[in-house]
Amino acid sequence: MRHPGAVVAGLLCLIQATVQAQSYNPDLWPVTSGDSIEAYLDARLFDDTAVPAGIEAVLDRQGNLAVVRCGEVPGLVESSAHVLDFAAGQAYHIRPAHSLASAAFSPDQSHIAAVLSAPCDGCLVIYSMVDGEARRIEGVQAVPGSVTWLNADRISYLPELDGKAAAEPVEVDLTQAETGRVFGNPAPGGNLQPEVYSCGGTNDDCICGMNNPYPCCDNGGNCTWWAWHAACCNWGVGCPGWGNAHSWLGNAQASGYPTTSTPTVGSIACDSNNTLSSYGHVVWVLQVSGSSILVSEQSCGGFYGSRQYWYASWIFDGYILNPSDPCAGTDDAIGTWESWPYDYDTVLTGQVFNKSWTMQNTGSSTWSRDCNHKFAFDGGTQFGVPGWTDLASGETIAPGQSKTWTLTFTAPSTPGQYQGYFRMDRYGVGRFGARPFILVNVVSPTGDLTGTVTNASTSAPIPGAAVTLSGVGNTTTNGSGVYTFNSVAGGSYTVSVSATGYNPASDGVTITGGNTTTKNFALTPSDTQAPTIPTGLTAQATSPTSVQLNWTVSTDDVGVAGYDIRRNGSVVGSSATASYLDNGASPGTDPVYDVRARDSVPNYSDWSASVTVHTPPNPPALATVFSDGFDGNLNNWTQQVAGFAYSTTVNRGGLTGAGAAFVAAGEADQMYKTFTRPFAQGTASGYFWDGKGGWKAGTCGWQYRQSLSLRETGGTAGFILDNCLASNVGAGDYFYRYLCCGWPSAYTSIGARDVNTDCGGTWVQFQTTITPDAPGAGGSITLKVTDRAGAKTATPALDPDFFNWGIGRITLGLGVTSAYEGYWDDITFEAMPPDWPIIGTATALSPTQIRWNFTPRDNNLFGWDVLDTANTILSPQYPAAGWLNRAATSWTETGLTANTVYTRKVRAWNGTLNGAFSETATACTLSLPPEAGTIVADNAEVCMGESVTWSTTAGFGPGTTAYYRYAWDQTPAYSFTGEESHWDSGTLVLQASAAGPWYLHIQSCNDEGQPSGTFTYSVTATDCTVIPQVIASVSRKVHGDAGTFDIDVDVSTAIEGRANGPTLVVVTFSDPIEGLGGLDPGDVAASSGSVTHVSIDGPQLAVELSDVADGSLLAISFPGIVGLGGSTASPDVVCFGVLGGDANGDGATNVFDLVSIRNQLNTAPTATTFRCDTTADGLVNIFDLVMTRNNLNHSVTGSCP
């Protein structure tokens, strides 16, 4: 803003007048002014006759308030709608400018409900005259002029549907309606704002050294004029002139006025950077909200024309404060130093200690006791310190200075982590600046020590280890290897650990108060040897869920600590002894067990050989095979004679069903229930309705011919057992009839009917039980009839012939006429399934047959099934030919594959009830027996000493043979003992060591070692001896460093002329050789000297000699050398001459030898000159001349053999 220039003394400071509205906020900000607005206020608009020109419409009026829509009216061009307050003489416009189609005041005049025509047609907006906010009611499209206030919180309106008004109004609860800002996010007071209608002038209440030369409707100089008047009126201090607005902050600081960079209420905000104007800008600060400030600045008309706006605080780079206020300025502080304890430091419970913080004044105010500056507790744990600490009287901390605050703390009595906050405070104004804090761990004066002791090799815990804490005491580790010492005074200690079988260990540890210190140890085993593997494991099932295990104890170099037991690969328990009872097995299963030993380290043995045991099933229980309570029909029965009828006249109610089987008087009804397989044991029960309840002679009683019968499957007379009423025999008794084995039909009394009957009807129970004895024997029968007089029983014997038939059906009725009507109900048949049987050792009968053997555990069986492991029944099933009846003890399975293992199990059955499975039995079919052509030789004739290779045309494995036992000799007959060698794969190579016939005796065996047939195969061996011949011989010597040189001595004229004669002669034969009966020096003979050593390498013979005579022929023979296989060696003799100094090998020593040596003097021997090195020292020299000279004129004598 531009400085107005001339300074007029006595310029008055304008004071804003307070406008008293009815219910709206009187502090809403003025935004425009204009003289023409007075005409509207004067008109009052209380009736329709006095509407001034320029007002298009009166939208609503209430009391002294009116909402009008204006046209082109001077001063009101910024908005098209206004609120006029005639009582206060104040006008407000509704901002931003949008078209109001209609408006209505709330009953308390605090809100206006307006319908807009733009930006959305029919929008319903609620304007607040309290805070200036405008909020749209979401989802509403109202017909203009239809809005009515029902109360302060509820309105009604007519909704507009497809451009037409709805017939019925809609109510809206404004407290529940969903709303949203319709004009973005305006600042408070930004939508409904007052307007000024007066203009210009000065005020004599405040003279600040300058006037406003542009008091009305001109921006020039307005901001500085207004800012100084506002400051003058509020501070009460005269002010110098500081020029244009961008100079104010610097000039104020130069004049000694306090300033700050923090937005402050009651200060002058300065734009020194010309952000808003090329002259800068100054405003009076009314309110601070976050990063925004609400300011008052000059408009037109002096003080009364001031305006209020929200600015971003970053626009202003400084604020001038009241120079007369000793507490003026902003408050701020930072922390620059603190003392112990630091973050997370440890203090003891109840400990009293001091902590200090240094706080620097970074604000513009001066801290003092008079201005209520304090250091205050600000949350968290207070640690016993006061709520605040004052500055000393007269003490001040100017901006930039620091103050160190020292407080005395008391640690809480409960261990834990605690934090407390502190902050500078100006009492009555608020907390400010940095928020230092104390954060400490409060601990007990004593601590705990714990740790785990483990095996360094396996990481497994070591229970029972001894642990010593120096100066404190001892303890041992628990089952998890953990030790603990509690309430130990803080300090340094030594922990020592030892355990049997481990090297001890120790280490230092520091225990701090209030903490648990952990010290773990991993001990290295000193005992590294595992126990021996348990042997002799046996398992016996003692119940369906229990198995007793026993084994031979293991041994260990230190000691066996115990054993682990596995079932089906999972450890199920441990034992300190060589036995264990497993109570966790499942009934009717085949668990596999093994055990291992361990010592205290623990070192573990390998798992033992496993054993498998079969646990018995749970004991068999009585089962209901059939029951019928006649529930709506007789569908479970087959009518045989006439026909029973279903009736609900009577019903016993023992089983499900509301009826009974009815036989009418004079009918011969009979029906039966058939079972798919016959029973050897069972109990049939049924109830018959006796219409008179018994037989009272001369008084009452009905005659019946009715029966509950057990019969064979076909219903023939092969087996009939009737439990009956037989009036044809006697009306007063119960009878039974047992037909079997060609017996005649006869009735036997069971007992008398109730003679004391009350002549009322009753249910009479008929019950028949058959109990078999062991297979091959008979059994017993129990027939019982129970009426109101009690039970009557008969117990005839069961003939063994019964088991040719069995219980195949239950029959009701005898099929003959019964005089009176009757009913049968609650028919049941119960039986026992057989117990699990015993399967014996199976017998392999041939390559295709195995006999399976079995025995029952009880007598409740009628037949057998043989099954494989997949529960497929393999044996013939009843009633097919060959089915296994109760007398069977074995079954031969045929059609199997040779040398193949089969596993089977058996079960017994009683009628339709199957028993539990037996254990399994395993057997292997015999292998295919050998026969001509099964085994073949690679050659039928071989030389003596050669090998014969045998192969099988059948191969090995399932389907053929597991292995052959064999014997190889020259005897045609042989008896196998089972101790022979085995041939189980590939070919068999055997040597015919002598001439003549050779025999291979073969016996075929299966995988279980069972033999199956023998056969003998043969070949012939002839003497094909080859006599080895000498093909080469050399005399070999080493000539020092010059190497080894050979002289051929395979002819008698050959001469060995080197010193000491031949020492190694190598003879090569035409074929490999060996020593007769073993090689030794006596196997070679020499005509002179001694044979000291001999060796053979294939066809080569090395002969070492000593002391051979010089000047003679040497003959070497081979009396103990033979060809491989025993053939005699060649009679050849190796013979050659020995003459020392004979350098040219001509058989004589003479001057020619000296010349030859002289010609090679001082040279190393080569392949052509080595004879000149007669001393064999690796150099032709004077010594060779001397040797030859000393032996001059000698020659070889003698002859070869």
Restricting attention to region 625-641, and to residues there that are touching a residue at least 40 places away in the same chain (Cβ under 8 Å) and either of a type in the set (A, V, I, L, M, F, W, C) or not in a loop (DSSP other than H, G, I, E, B) (or both), which single residue is surrounded by the fewest Cβ atoms within 10 Å (Cβ to Cβ)? Val641
So is Asp582 more than 25 Å from Ile838 (Cβ to Cβ) and acidic (Asp, Glu) or not? no
Scan region 393-407 and tell me whether some residue there is closer than 30 Å to Thr512 by Cα, touching a residue at least 40 places away in the same chain (Cβ under 8 Å) and among the aliphatic types (A, V, I, L, M). yes
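Tell me, which strands (runs of 3 or more DSSP E) wholly within region 736-812 include 2 or more residues that are assigned by TED's automatic domain parsing to the domain that holds Trp702, without any contact (Cβ under 8 Å) to a residue 40 or more places away in the chain and of a type in the set (Ser, Thr, Tyr)?
By residue number, 779-787.
I'd like to verify a number: residues in region 1065-1102 that are part of a strand (DSSP E or B) and either touching a strand residue (DSSP E or B) at 6+ places or on another chain (Cβ under 8 Å) or under 11 Å from Phe1118 (Cβ atoms) (or both), how many?
Within region 1065-1102, residues that are part of a strand (DSSP E or B) and either touching a strand residue (DSSP E or B) at 6+ places or on another chain (Cβ under 8 Å) or under 11 Å from Phe1118 (Cβ atoms) (or both) number 20.
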Identify the residue in region 417-454 that is hydrophobic (A, V, I, L, M, F, W, C) and assigned to a loop (DSSP other than H, G, I, E, B) and, among all such residues, is farthest from Asn503 (Cα to Cα). Val429
Options Pro144, Pro119; residue that is modelled with pLDDT under 80 and either assigned by TED's automatic domain parsing to the domain that holds Asn64 or part of a loop (DSSP other than H, G, I, E, B) (or both): Pro119
Without any contact (Cβ under 8 Å) to a residue 12 or more places away in the chain and small (Gly, Ala, Ser) - does that describe any residue in region 862-872? yes
Quick check on Thr1168: is it outside any loop (DSSP other than H, G, I, E, B) and without any contact (Cβ under 8 Å) to a residue 60 or more places away in the chain? no
Give, as residue ranges, the strands (runs of 3 or more DSSP E) completely inside region 908-981 that count at least 3 residues that are of a type in the set (S, T, N, Q) and touching a Leu at 6+ places or on another chain (Cβ under 9 Å). 947-952
Region 554-579, subset surrounded by 15 or more Cβ atoms within 10 Å (Cβ to Cβ) and hydrophobic (A, V, I, L, M, F, W, C), residue farthest from Ser605 (Cα to Cα): Val572
Surrounded by fewer than 16 Cβ atoms within 10 Å (Cβ to Cβ), of a type in the set (Gly, Ala, Ser) and either within 12 Å of Ala923 (Cα to Cα) or within 48 Å of the chain's Cα centre (by Cα) (or both): does that describe Ala842? no
Please go through region 1120-1150 and pick out each residue that is in a loop (DSSP other than H, G, I, E, B) and either modelled with pLDDT of 90 or more or under 28 Å from Leu1192 (Cβ atoms) (or both). Val1133, Leu1139, Gly1140, Gly1141, Asp1142, Ala1143, Asn1144, Gly1145, Asp1146, Gly1147, Thr1149, Asn1150
Kindly indicate the residue of region 880-907 that is under 19 Å from Thr713 (Cβ atoms) and touching a residue at least 60 places away in the same chain (Cβ under 8 Å) and also surrounded by the fewest Cβ atoms within 10 Å (Cβ to Cβ) among those meeting that condition. Ala887
Taking Phe675, is it assigned to a strand (DSSP E or B) and surrounded by 18 or more Cβ atoms within 10 Å (Cβ to Cβ)? yes
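Being part of a loop (DSSP other than H, G, I, E, B), more than 52 Å from the chain's Cα centre (by Cα) and crowded, with 18+ Cβ neighbours inside 10 Å narrows it down to one of Gly657, Gly686, so name that one.
Values: Gly686 fails: part of a loop (DSSP other than H, G, I, E, B).
That would be Gly657, the only listed residue that is part of a loop (DSSP other than H, G, I, E, B), more than 52 Å from the chain's Cα centre (by Cα) and crowded, with 18+ Cβ neighbours inside 10 Å.
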Take region 501-534 and flag every residue that is in a loop (DSSP other than H, G, I, E, B), in contact with a Ser or Thr (Cβ under 6 Å, 6 or more places away or on another chain) and at pLDDT 90 or above. Asn503, Pro504, Asn520, Ala530, Pro531, Thr532, Ile533, Pro534
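The values are calculated or read from the model by the stated rules, or taken from the named source; none is laboratory data. Just so you know, these numbers come straight off a predicted model, no measurement behind them. Note that each Cβ is placed from the backbone with ideal geometry, even for glycine, and that neighbours are counted across all protein chains shown.
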